[in-house]
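Beneath this line is the structure, given in structure tokens, with notes to follow.
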Amino acid sequence: MYPNGARAGVPLLSTNASYIKPKTLDEAVTLLAAGDARILSGGTDFYPGLGDRVVCDPVVDVSGLEDLRGISRESDHFRIGGLTTWTDVIRHPLPRCFDALKSAAREVGSVQIQNRGTVAGNLCNASPAADGVPPLLALDAKVELTSQAGLRRMTLTDFLVGNRKTKRRGNELLTAVLVPRELEDAFSAFVKLGARRYLVISISMVAVVVKTGNDGKVLDARIAVGSCSAVAQRLRTLEGDLIGESVFGGLGRLVKPKHLASLSPIDDVRATADYRMDASLCLVQRALNAYTEIL
Ligand SMILES: Cc1cc2nc3c(=O)[nH]c(=O)nc-3n(C[C@H](O)[C@H](O)[C@H](O)COP(=O)(O)OP(=O)(O)OC[C@H]3O[C@@H](n4cnc5c(N)ncnc54)[C@H](O)[C@@H]3O)c2cc1C
């Protein structure tokens, strides 16, 4: 067996499917214009998702669009290009609010997966267990989608609409993730629970971003939980309840089961719904208490 599930001697592309690797964004959006092509980037979700099937649609391999790779600081946001890998995120110097995203990046599969897998691929694949989603939801990230018709931007919250479902149109490429700079000095943390330490799909994961004043009182708090609903969720009631509270003594003490009421975890091979709920409560408490531990 090959790692992607294909068998030796069995082609990945059907004989009438095409494979094209554009060199420019213009070329890529022209190839995508008909709306029936499948985008291939790092391939770390694309290939395992095929299982034993062959690809019958045209494949547009965007991994050669080097201009879309990298992270830049703009006047009011950070721009994470659509070809930026998890390793790029780990290596790029970024302010404190990105600590959660960097921690998540280190938890994606293994170093080999982090070298190939992209942030954009993680979002477009829209798995409920995508580790990149909670940190980016907590950062109020937006996505930028490009087609021949031009650009459109929307919040990540609006982009992700269900298990493996997004608002991306068939002719659009995710060209960037945009993170507002408003909380760049805020504390952030990511905690993930899996059945083992490495190469593991999350049972639950939590990202927090917390901004405090000089008196240690919370000015802004964002908390997102993944793997416990079809789409990762922000815990808005808890976020509101933390405003004005002091981080001294640990914010985790303020987290109650009612704050997680909007989650709807499922039973599956990795954990029961009840276990996911209990674990998530504990992970939210730990992520928030991590702030006090560094003071
Ligand atoms: C062994 C293994 C372990 C893994 N462990 C984890 C883990 O711990 N946590 C985790 O979150 N994920 C994990 N993954 C999943 C995967 O590595 C990540 O989701 C990765 O970020 C996907 O990026 P990619 O570039 O490889 O996407 P691809 O596989 O190339 O594409 C994924 C999907 O997104 C679409 N797409 C890709 N880029 C774009 C774009 N720019 N615009 C529009 N559509 C696009 C593709 O058409 C496809 O539908 C693992 C995968 C493997 C094989």
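Only alpha carbons enter this Debye calculation for the stretch 223-289, each as an equal point scatterer, and the log10 of I(q)/I(0) it gives at q = 0.13, 0.25 Å⁻¹ is -0.35, -1.11.
Please compute the Kirkwood hydrodynamic radius over the stretch 86-228, one decimal place, Å, based on all pairs of different Cα atoms.
Taking the inverse mean of 1/r over all distinct Cα pairs, the stretch 86-228 comes out at 15.6 Å.
With the helix formula -39500 (n - 2.57) applied to DSSP H stretches of n ≥ 4, the chain reaches a computed 222 nm mean residue ellipticity of -7000 deg cm²/dmol.
For the chain, with all protein chains present and a 1.4 Å probe, just round the carbon and sulfur fraction of the accessible area to a whole percent. Roughly 51 percent of what the probe reaches on the chain is carbon or sulfur.
Each residue of the stretch 247-264 was assigned a 3J(HN,Hα) from its phi angle through the Karplus expression (A = 6.51, B = -1.76, C = 1.60, θ = phi - 60°), giving 6, 5, x, x, 6, x, 5, 8, 7, 10, x, 4, 5, 9, 4, 7, 6, 9 Hz with x at Gly and Pro. Shape class for the stretch 110-150, computed from the alpha carbon gyration tensor (a ≥ b ≥ c): oblate, with a/c not under 1.5 and a/b at or below b/c. Amide hydrogen proximity for residue 77: with H placed 1.01 Å from N in the peptide plane, the residues at 5 or more positions away or on another chain lying under 5 Å are 181. For the Cα trace of the chain, dividing Rg by the Kirkwood Rh returns an Rg/Rh value of 0.99.
In order along the stretch 202-219, the phi-based Karplus estimate (6.51 cos²θ - 1.76 cosθ + 1.60, θ = phi - 60°) of 3J(HN,Hα) comes to 5, 7, 7, 8, 9, 10, 10, 10, 9, 10, 10, x, 4, 8, x, 8, 6, 9 Hz; Gly and Pro are listed as x. Over the C-alpha trace of the stretch 156-223, radius of gyration and Dmax come out as 16.4, 50 angstrom. In sequence order, the stretch 83-97 has phi-based couplings of 10, 5, 8, 5, 5, 4, 4, 4, 7, 7, x, 9, x, 4, 5 Hz under the Karplus curve 6.51 cos²θ - 1.76 cosθ + 1.60, θ = phi - 60°, and Gly or Pro positions carry x.
Only Cα pairs under 8 Å and at least 6 apart count here; give the relative contact order of the chain as a rounded whole percent.
Numbers: 641 pairs, mean separation 45.5, N = 295.
With pairs under 8 Å counted, the relative contact order is 15 percent.
Equivalent ellipsoid of the stretch 187-250: semi-axes from √(5λ) of the C-alpha gyration tensor, largest first, are 26, 14, 8 Å.
The charge dipole of the chain, taken about the Cα centre with unit charges on the Cβ atoms of Lys, Arg (+1) and Asp, Glu (-1), comes to about 380 debye, rounded to the nearest 20. For the residue pairs 217/256; 165/211; 102/258; 102/211; 142/165, the C-alpha atoms sit more than 21 angstrom apart in 165/211; 102/258. Amide H contacts of residue 69 (H built 1.01 Å from N, in plane; Pro and chain starts excluded): 83 sit under 5 Å, all sequence-distant by 5 or more or on other chains. Averaging 1/r over each pair of different alpha-carbon atoms in the stretch 14-93 and inverting the result gives 14.2 Å, the Kirkwood hydrodynamic radius.
Think of a 1.4 Å ball rolled over the protein heavy atoms: the chain then has 47 Å² of accessible area per residue.
Note on the stretch 7-148: percent of Cα-Cα distances in each 10 Å bin, starting at 0 and stopping at the bin with the largest distance, equals 11, 39, 34, 14, 2, 0. Under the shape rule built on the C-alpha gyration tensor, where the axes satisfy a ≥ b ≥ c, the stretch 169-295 is oblate, since a/c reaches at least 1.5 while a/b does not exceed b/c. Mind telling me which of 84, 157, 237 comes out most flexible in a GNM of the chain, alpha-carbon contacts under 10 Å? With Cα springs under 10 Å in the chain, the top fluctuation among 84, 157, 237 is at 237. Less than 5 angstrom separates the built amide H of residue 204 from those of 193, all sequence-distant by 5 or more or on a different chain. With only alpha-carbon pairs counted, each pair once and no self-pairs, how large is the Kirkwood hydrodynamic radius of the stretch 117-175 in angstroms? Here the Kirkwood hydrodynamic radius works out to 11.5 Å.
The values are calculated or read from the model by the stated rules, or taken from the named source; none is laboratory data. Every value quoted in this text rests on a predicted model; they were computed, and no experiment measured them. Ideal geometry is used to build each Cβ from the backbone, glycine not excepted, and the neighbour counts take in all protein chains shown. The accessibility values were calculated without ligands, DNA or RNA, using every heavy atom of the protein model including side chains. Shrake-Rupley method; radii C 1.70, N 1.55, O 1.52, S 1.80 Å.
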